[in-house]
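The values are calculated or read from the model by the stated rules, or taken from the named source; none is laboratory data. Only a predicted model underlies this, so the values are computations on that prediction, with no experimental measurement involved. Here the Cβ positions follow ideal geometry from the backbone for every residue, glycine too, while neighbour counts run over all protein chains shown.
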Amino acid sequence: MLTINLFNGLVYGALLIVMCSGLALIYGLRRVVNFAHGSLYMLGAYLGYSIAAHSNFWVALVAAPAVMALFGVLLDRYGFRLLQDRDPLTVVLVTFGLLLVIEDFVQTVWGKSNLSVPVPEALNVSVHLFGTALPAYRIGVIGVGVCVALGLTLWLRLSKVGLFVRAASTDPTTTAMQGVNTDALSAGVVGLGTALAGLAGVVAAPFLSLSPSMSSDVIIDSFVVVVVGGLGSLAGAFIAAMVLGMVQSLGAVYLPDLSAVLPFVIMVAILIWKPSGFAGSRT
C-alpha cells in the first residue's frame, strides 16, 4: 500500500513539474503572475482529446503542445508584453479574465460533460516493480517529468539561448544593451511555457477526467509549488513539485481530513522560514 501511495506521489509530482516549469519560466522572464496557466493546461488537454480522436495519442502528444506554443507566442505579443510593467492588481485581473474566456471557449466547443482519452495501447499494461503491479502509463508520466526537468536544466545551463534567458531573467535591461532581442526571447519562453502547460494537459488526459473545472484543480497546487520553490526558480519548482506530490498522495490516505490544507500549511511554513522559497528567485 505504501509503495502505491509513494508511486502516486511521484506521478503527481512529475505532472506538476511539467505544469509548473512553464509557470516559473513565464514569471522568470516576464514577471507576470499568470493566473490563466491552469486554463492553458485545460485547453491543451482538450486539444489533445480532439487530435487523439482523429488520429492517435502520440500525434496529440506532439501536435497539441505545438499549437499551444503558437498560442503562447501570440499571448506574449498581445498580452504579457503589455502587462510587464503594470501593477500586480492589473495583471491579476487581466490573467483571471483570460482564464474565464478560455473556460467559456472550452465549454462552447466541447461542452460541460466529462470526457476521457484512452490510454495508448502500448502503455495499457502493468509493470511489476518491488512486488507491486504499477500501470505502465503512469510510469511513462514520471518519465516525461524527468525528461522535461533534465531537458530544461541542460538547455538553460549549456546553450547560448539558455544563457540569454538566465541573463534576461536577472537583468533584462542590461541583457538588451548587450544586443539580445529580449522581446523575441520572451515570446519564445512564453511559447515554451505555454507548450509545457499543454503537454501537461495531454499527459494528464488518459488518467484524469477532462472537465471545464480541471483548471482550478491544478492551478492552486501549481502556485503553491512556484511560491514554495521560489518565484522564477526552476530548480526550486522541481523540488517543491515532488514534495507536494508526495504530501498530496500520502495526506489523502493518512490525513484525509487535513489533505486539502496541507499544501497551504507547507507554503506558510516555508515562507516563514525562508520567504524567497527553496531556491530563491533565480532561474
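Please indicate, with yes or no, whether at least one residue in the stretch 234-254 is not in a helix (DSSP H, G or I) and not aromatic (F, W, Y).
no
Of all residues in the stretch 226-283 being crowded, with 16+ Cβ neighbours inside 10 Å and aromatic (F, W, Y), which is nearest to V165 (Cα to Cα)?
For the stretch 226-283, the residue satisfying everything is F238.
For the stretch 161-177, enumerate the residues that are surrounded by 14 or more Cβ atoms within 10 Å (Cβ to Cβ) and hydrophobic (A, V, I, L, M, F, W, C).
Listed by number, the residues that qualify are L163, F164, V165, A167, A168, A176.
Any residue at all in the stretch 109-119 that's of a type in the set (V, I, T), at pLDDT 90 or above and surrounded by fewer than 18 Cβ atoms within 10 Å (Cβ to Cβ)?
Yes, some residue in the stretch 109-119 is of a type in the set (V, I, T), at pLDDT 90 or above and surrounded by fewer than 18 Cβ atoms within 10 Å (Cβ to Cβ).
How many of the residues in the stretch 15-50 are small (G, A, S) and closer than 17 Å to S213 by Cα? So that I can check it myself, show each step before the final result.
Narrowing the stretch 15-50 to residues small (G, A, S): 21-22, 24, 28, 36, 38-39, 44-45, 48, 50.
Remaining after also requiring closer than 17 Å to S213 by Cα: 36, 38-39, 44-45, 48.
Final tally of qualifying residues: 6.
Going by the structure shown, is S215 within 14 Å of the chain's Cα centre (by Cα), closer than 25 Å to M68 by Cα and modelled with pLDDT under 85? Reasoning before the result, please.
Values: within 14 Å of the chain's Cα centre (by Cα): yes; closer than 25 Å to M68 by Cα: yes; modelled with pLDDT under 85: no.
No; evaluated as a whole, the condition is false for this residue.
Across the stretch 211-226, what is the total count of residues that are assigned to a helix (DSSP H, G or I) and small (G, A, S)?
Going through the stretch 211-226 one residue at a time, the tally reaches 3.
Quick one: in the stretch 75-115, which of the residues that are closer than 30 Å to L208 by Cα, of a type outside the set (A, V, I, L, M, F, W, C) and not in a helix (DSSP H, G or I) is nearest to the chain's Cα centre (by Cα)?
By that ranking, first place goes to N114.
Going through V180, V202, V190 one at a time, which residue ends up being modelled with pLDDT of 85 or more, under 26 Å from L123 (Cα atoms), among the β-branched types (V, I, T) and crowded, with 18+ Cβ neighbours inside 10 Å?
Result of the check over V180, V202, V190: V202.
Of all helices (runs of 4 or more DSSP H) completely enclosed by the stretch 156-210, which ones contain at least 2 residues that are free of Cβ contacts under 8 Å to residues at least 12 places away in the same chain?
Here the list reads 160-170, 172-177.
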